[in-house]
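What follows is one structure encoded as structure tokens, with my remarks underneath.
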Amino acid sequence: MSIKSRCVQVNISSTAEAIGVFDQKNSNGELPLVLVPEHRSPFSPNGWWLNIPTGCFCLMQKWGKDTGFGKPGGQFSAPWERVAYIVTQKSQAYNAPVLACPTSDNVRVSMDVVVTFNIRDAKQFVYNLGAVHFDQLLSGAVDEGIRYLVRHRTHANIRSLQGSRALELNTMLNNKFDNCGVSFSNCMITSIELPRDLLQSLEAITQMDKAMTNMQREHEYTIGNVERAAQIEIEEQARKNEQVIVAEQGKKNRALLDHENKMVKASETRDTQTIEAQSSSNVALSEKKAELDRCEQEMERMRVDTVSKAEAEAEAQRVQADINFNNSKLAAEAEKQTKLGEAEGIKLDAQAEARASSLLSQKRRFELELEEKSVLRAIAEKAQYNLIGQPGDQLIQGVMEGKLPGRRPGSAGGSGWFS
């Protein structure tokens, strides 16, 4: 880690020492920003002569009151007109090492930050702030800004800040010291130190990553060789395939020519056979036509004979049918007369029966009573019954009297046992 810079105010014996003090390197890290020359004595030989150096701001006072900036060069001046403060105009590099900054994953890192600034308004800087107060404020602001910057990063990406400009820190410092006459032009992170164990682990990881990268490259190179060999083999196989395709195409063309020749020969053979077949079919057709004509003539003769025989048989059947019709007509007429006679006889019988109906009713009543007594006799002789109640009494009374109880069949208003 570098030595922390300190902004200081230095007392000098005369203004002639100003340039040498500003340019002098200090091993303690002191940065002289403001020089305070001693008062000139009016009794000394140089008490009335004033040398104002160039390349710096010289704040003049008279009797302790500010009178502005002095013009560079030698001039006659009273002792009470003095150079009160000499402020450097050079850009200053302020080293601000920050120790044990915690990252977002709580890893303590140390950083060296170089802040470049220059004093643009010497009056504001001297009278409003001063070198000592500026050093205190700048140290705190840089420490705060760096810790804020580191806190938002992990140890894995914190090393990416090394060598880069901390623009956020630079903007923050300009805003904070805006009214103090100081302008910050650059904030650079020069080095970052991690804990030794973590650094060794990261170095091991880096070496492993490099080894992996080398292995990846070797693997890619091997794959490239294999792919190139495979591509050469594929191209060789493609050329062989093209040769085979050309050879097979030649065979195919020869086979097509042979096929066309065979097709021509087959066509010629087909035409010859077609002509022969047509000739044979024409001869056979002529023979069949002649045979057909003979058959038609024979069929016509047979048709004429058959029609003649059929007409003769039909005529004979017609004559026989006429004879049978006449015979049937005569028989039907005779049967008709017979049926008319029978109908007349039935009519006369009906008339006679209508006249004798009153006599026949008495005869039928007698026959019915005789049949009734036959039934009662059969009941009395053969049947064995258990006669109970009024029906039994009526049946016994009918057997004793010789007639069945109840109204007679055929009487008006009801029906008996034999209705």
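The values are calculated or read from the model by the stated rules, or taken from the named source; none is laboratory data. Keep in mind that this is a model prediction, so the values were computed, not measured. Because the Cβ atoms are built from the backbone with ideal geometry, glycine has one as well, and the counts that use them run over all protein chains shown. Surface accessibility is based on the protein's heavy atoms, side chains included, excluding ligands, DNA and RNA. Shrake-Rupley method; radii C 1.70, N 1.55, O 1.52, S 1.80 Å.
The residues of the range 182-197 that are open to solvent by 50 Å² or more (accessible area, probe 1.4 Å), more than 15 Å from VAL142 (Cβ to Cβ) and in a strand (DSSP E or B) amount to a single one, GLU193. When the range 58-81 is filtered for residues that are within 23 Å of CYS7 (Cβ to Cβ) and either basic (Lys, Arg) or surrounded by fewer than 19 Cβ atoms within 10 Å (Cβ to Cβ) (or both), the ones remaining, listed by number, are GLN61, ASP66, PHE69.
Results for (1) open to solvent by less than 70 Å² (accessible area, probe 1.4 Å); (2) assigned to a strand (DSSP E or B), shown as yes or no for each residue.
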residue: ILE3; (1), (2): no, no
residue: ASN11; (1), (2): no, yes
residue: ASN28; (1), (2): no, no
residue: PHE43; (1), (2): no, no
residue: LEU50; (1), (2): yes, yes
residue: VAL83; (1), (2): yes, yes
residue: ALA100; (1), (2): yes, yes
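Among the residues of the range 1-22, those that are in contact with a helix residue (DSSP H, G or I) (Cβ under 9 Å, 6 or more places away or on another chain) and either without any contact (Cβ under 8 Å) to a residue 12 or more places away in the chain or among the polar types (S, T, N, Q) (or both) comprise SER5, GLN9. Residues in the range 30-41 that are modelled with pLDDT under 80 and either touching a His at 6+ places or on another chain (Cβ under 7 Å) or surrounded by 14 or more Cβ atoms within 10 Å (Cβ to Cβ) (or both): ARG40 alone.
Go over the candidates GLU276, GLU236 one by one and state the one that is of a type outside the set (Ser, Thr, Tyr), assigned to a helix (DSSP H, G or I) and under 56 Å from the mean Cα position of the chain (by Cα). Checking each option against the conditions leaves just GLU236. Screening the candidates LEU330, LEU368, LEU376, LEU360 for the property of being surrounded by 10 or more Cβ atoms within 10 Å (Cβ to Cβ), modelled with pLDDT of 70 or more and touching a helix residue (DSSP H, G or I) at 6+ places or on another chain (Cβ under 6 Å) yields one hit, LEU376.
Quick check on ILE232: is it within 30 Å of ASP105 (Cβ to Cβ), free of Cβ contacts under 8 Å to residues at least 40 places away in the same chain and out of contact with any Leu (no Cβ under 8 Å at 6 or more places or on another chain)? The answer is no for ILE232.
The residues of the range 117-141 that are farther than 16 Å from GLY181 by Cβ and in contact (Cβ under 8 Å) with a residue 24 or more places away in the chain amount to a single one, SER139. For the range 207-221, the count of residues that are surrounded by 11 or more Cβ atoms within 10 Å (Cβ to Cβ), of a type in the set (A, V, I, L, M) and within 30 Å of PRO102 (Cβ to Cβ) is zero. Looking at the range 74-110 only, could you name the residues that are within 14 Å of MET60 (Cα to Cα) and either charged (D, E, K, R) or within 60 Å of the chain's Cα centre (by Cα) (or both)? Residues satisfying the conditions are GLU81, ARG82.
Residue-level analysis places ARG239 outside the set of residues that are within 30 Å of VAL115 (Cβ to Cβ), open to solvent by 80 Å² or more (accessible area, probe 1.4 Å) and without any contact (Cβ under 8 Å) to a residue 40 or more places away in the chain.
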